[in-house]
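Novice: Got a structure for you, written out below as structure tokens; questions coming shortly.
The values are calculated or read from the model by the stated rules, or taken from the named source; none is laboratory data. No experiment lies behind these values; they were computed from the predicted model shown. Glycine gets a Cβ as well: all are built from the backbone with ideal geometry, and neighbour counts include every protein chain shown.
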Amino acid sequence: MSYRSGRHFLQIPGPTNVPDAVLRAMDLPTIDHRGPTFAELGERVLDKVRVVFKTEQPVIIYPASGTGAWEAALVNTLSPGDRVLMSETGHFAALWYQLAKRLGLDPELLPGDWRHGADPEAIARCLAEDEEHRIKAVCVVHNETSTGVTSRIAEVREAIDRISHPALLMVDTISSLGSIDYRHDEWGVDVTIAGSQKGLMLPPGLSFNAISQKALVAAREARLPKAYWCWDDMLGPNANGFFPYTPATNLLYGLDKALDLLLEEGLENVFARHDRHAEATRRAVRAWGLELLCADEREFSSSLTAVLVPEGENADRLRQVILDNFDMSLGAGLSKLQGRVFRIGHLGDFNDLSLMGTLAGVEMGLACAGIPHRQGGVQAAMAYLAEEAEGDQAKA
Ligand code: PLP
């Protein structure tokens, strides 16, 4: 393929664009992972990363993709045949359910229409019926990356507490951490699962478990086989900044820098930026006359927007036209949404003008692909961003 000038627009909902400062930070010689310089790095990142989870409790870092951290959460806390309650929010919730089945658990998938988040009342009903407390864990995907729907974790917590059910709460924040407000301690989450390649603005390759005291206690009794994922093996060496096996040293250099960037901007400002870009995107979608997949405004995702194409049109063809003509990648519709939706990622290292470029690419693509729509989406988003910027100016 011949050279294409200018930057590729990577607007899938992760992996996201990696800031130059993070790329530079990783471009250093790999060091001895048993030496004193590494220990300083290890201690620093293991400490600092807890800020983004809003936790005082341990966070484990695996050299693995998010799927590994899903598995780690389950094998460390559960035993063969344990019942697990999972909410079918979309493709990723369904994959987590399949993984639980393959591990020999007995998961129950609360059915969903892929347009709503986890239903706290449905979870409460299931738990209320479980008088013998056979359900050992409730698993929810915070931000369902396949649909652009964000579940209300605080309400799920409240539902579990109302029934006084002892199940662990496990939450996948792979496409929300560092983009959408998330509170591991305050929401009483027992295991939070996360990955490096989205809001944390790193390449793929690291994943995380944040762990409550209750989960650590459950781990003592858990009988599912584990070796690579064993929390205990990690927590021992982690106390001195080390890892039981060879860590992804250069990704940890990147994590160190990426955390500095997030904390320098301020987490609350990072969340407000994502909220603003998501709102601008939704205004564009409505102006185009297209439909948002997310059906409940309380659950709009601030990290991505999934857009339905009109009946009879193919979203994958639109994505191809946009890639060919404007060098921009958008997210595909996954499994049963294939061809029905395209997903606009607006998370990570992103600003107003990157959003305007993205939306311009979509609007031009809709025209090139001959998909029926109205013009004016870019204009609507631009007016909103300008209005917000003027608001900030007035406050300053
Ligand atoms: N969970 C969610 C919400 C995701 O978005 C993804 C990947 O995009 C995964 C889990 C799986 O993570 P990975 O592909 O890093 O293994």
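Novice: With away from the ligand (no atom under 13 Å from the Cβ), in a loop (DSSP other than H, G, I, E, B), more than 20 Å from the chain's Cα centre (by Cα) and over 16 Å from Asp190 (Cα atoms) as the only criterion, which of Gly112, Gly104 stands out?
Specialist: That would be Gly104, the only listed residue that is away from the ligand (no atom under 13 Å from the Cβ), in a loop (DSSP other than H, G, I, E, B), more than 20 Å from the chain's Cα centre (by Cα) and over 16 Å from Asp190 (Cα atoms).
Here is a yes/no grid of residues against (1) among the aliphatic types (A, V, I, L, M); (2) out of contact with any Cys (no Cβ under 7 Å at 6 or more places or on another chain); (3) outside the structural domain of His346 (by TED's automatic domain parsing); (4) within 11 Å of the ligand (Cβ to nearest atom):
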site	(1), (2), (3), (4)
Trp187	no, yes, yes, no
Asp190	no, yes, yes, no
Ser196	no, yes, yes, yes
Pro204	no, yes, yes, yes
Ala210	yes, yes, yes, no
Lys214	no, yes, yes, no
Val217	yes, yes, yes, no
Ala227	yes, yes, yes, no
Cys230	no, yes, yes, no
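Novice: Let me ask another. Working only within region 114-156, note down all residues that are crowded, with 24+ Cβ neighbours inside 10 Å and over 28 Å from Ile344 (Cβ atoms).
Specialist: Passing the criteria: Ile123, Ala137, Val138.
Novice: Let me ask something else. Given the condition touching a Leu at 6+ places or on another chain (Cβ under 7 Å), of a type in the set (S, T, N, Q) and at pLDDT 95 or above, answer yes or no: does some residue in region 134-145 qualify?
Specialist: yes
Novice: Looking at region 226-267 only, could you name the residues that are of a type in the set (A, V, I, L, M) and more than 25 Å from the chain's Cα centre (by Cα)?
Specialist: Ala227, Ala239
Novice: If we only count helices (runs of 4 or more DSSP H) wholly inside region 208-320, which ones have 1 or more residues that are small (Gly, Ala, Ser) and closer than 25 Å to Lys336 by Cα?
Specialist: Qualifying helices (runs of 4 or more DSSP H): 267-288.
Novice: Every residue in region 115-144 that is basic (Lys, Arg) and assigned to a strand (DSSP E or B), please.
Specialist: Within region 115-144, Lys136 is the sole residue that qualifies.
Novice: For the structure I just gave you, tell me whether Leu177 is within 16 Å of the ligand (Cβ to nearest atom) and either assigned to a loop (DSSP other than H, G, I, E, B) or farther than 21 Å from Tyr97 by Cα (or both).
Specialist: Yes; evaluated as a whole, the condition is true for this residue.
Novice: Filter region 89-117 for residues that are touching a helix residue (DSSP H, G or I) at 6+ places or on another chain (Cβ under 6 Å) and within 11 Å of Val140 (Cα to Cα) and give the result.
Specialist: If the condition is that a residue be touching a helix residue (DSSP H, G or I) at 6+ places or on another chain (Cβ under 6 Å) and within 11 Å of Val140 (Cα to Cα), then Trp96, Leu109, Leu110, Gly117 are the ones that fit.
Novice: Another question, then. Of the residues Leu353, Leu347, which single one is surrounded by 13 or more Cβ atoms within 10 Å (Cβ to Cβ) and under 23 Å from Leu262 (Cβ atoms)?
Specialist: The unique qualifying residue is Leu347.
Novice: Within the bounds of region 149-156, is there any residue that is more than 16 Å from the ligand (Cβ to nearest atom), within 16 Å of Ala215 (Cβ to Cβ) and within 26 Å of the chain's Cα centre (by Cα)?
Specialist: no
Novice: Residues Asp296, Asp327: which one is in contact (Cβ under 8 Å) with a residue 24 or more places away in the chain, surrounded by fewer than 16 Cβ atoms within 10 Å (Cβ to Cβ) and more than 24 Å from the chain's Cα centre (by Cα)?
Specialist: After ruling out the rest, the residue left standing is Asp327.
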